[in-house]
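Nothing in this text is a laboratory measurement; each read-out follows from the coordinates by a stated rule. Bear in mind the structure is a predicted one, so any value in this text is a computation, not a measurement. Neighbour counts are summed over all protein chains in view; Cβ atoms, including those assigned to glycine, are modelled from backbone coordinates with ideal geometry.
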Amino acid sequence: MTGESKWMTGILSDPGTAEKFRKFRPFAAQAAVRDFQISKGVISGVVEDRENKFGVTLRVSTVPESVWEDLTRTMAEEGRFSADLLSGRMPEGIEDVFGRFQVSLYPRSPAEVYVSCECSEEPVWCRHGARLYLCSGEALEKDPFLLFAVKGKAREALLTDLRVKRPAAAPSGEWKGGRQENPEDFWVLRVPAEKLREIASAIPPRRDSA
């Protein structure tokens, strides 16, 4: 399948699972998802068609808190990560940041998602599990913060960490090799008084015209 989201890429990397999703697409297009919820490591909902409804739970691996410390510190070094997320966009290069600490933001294979459904149609991926997974992908596309939440860092906690760990700006009066940024410094006298007196004495007196 082409044009799939990154949420789908890892799942469809397995030919058998990809074939199941291809087969389940017509059902997924018709079935509704109720009570959709996302929390740390868990995505749940009730999938219903015209005849039945089944509770489905998807479980994914979360990022250890110790790794989140490194992740958020690295993200805080670049303000664009916060800016993109607040604009509703998944930041470009975010996967590289996660990969630097040997963790993944997206599932890399079907084995990284545990599917539990009240039906007994399939041993692993049933059509209801596929529908919920597709639904979650749609939700994550609309709100990237949800992906961070399912990986273990809710929106407010993430934003707080990024704000607290953001590198402090240099004091306004600190010399940075260029102009002073403090507007008040514009009026500070930087020429020694002796030099000013010397310059003044060299200026000939003004002669008023008769």
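Pairs of Cα atoms under 8 Å, at least six residues apart: use those to get the relative contact order of segment 2-136, whole percent. List each step's numbers first, then the result.
On the way: 162 pairs, mean separation 45.1, N = 135.
Relative contact order here is 33 percent.
Residue 144: net charge of surrounding residues, Cβ under 15 Å, Lys/Arg +1, Asp/Glu -1, itself excluded?
Values: positive: 6, 80, 89, 142, 151, 153, 155; negative: 84, 92, 95, 138, 141, 143, 156.
Summing Lys and Arg as +1 and Asp and Glu as -1 gives 0.
May I ask for the net charge around residue 112, where only other residues with Cβ less than 12 Å from the Cβ of residue 112 are counted and Lys, Arg are +1 while Asp, Glu are -1?
Details: positive: 59, 108, 151; negative: 14.
Residues close to residue 112 contribute a combined charge of +2.
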Too long at a 27 Å Cα-Cα cut-off: which of 53/153; 6/40; 23/151; 20/153? 53/153; 23/151; 20/153
What list of whole percents do you get for P(r) of segment 6-164, with Cα-Cα distances grouped in 10 Å bins up to the one holding the largest distance? 10, 39, 31, 16, 3, 0
Net charge near residue 48 (other residues with Cβ under 14 Å of its Cβ; Lys, Arg +1; Asp, Glu -1) is +1
Report ³J(HN,Hα) in whole Hz for each residue of segment 54-60, in order, from the Karplus equation J = 6.51 cos²θ - 1.76 cosθ + 1.60 where θ = phi - 60°; Gly and Pro get x. 9, x, 10, 10, 10, 10, 10
Say each of residue 51 and residue 14 gets a label point 7 Å from the Cα, pointing the same way as Cα to Cβ; how far apart are those two points in nm? 2.7
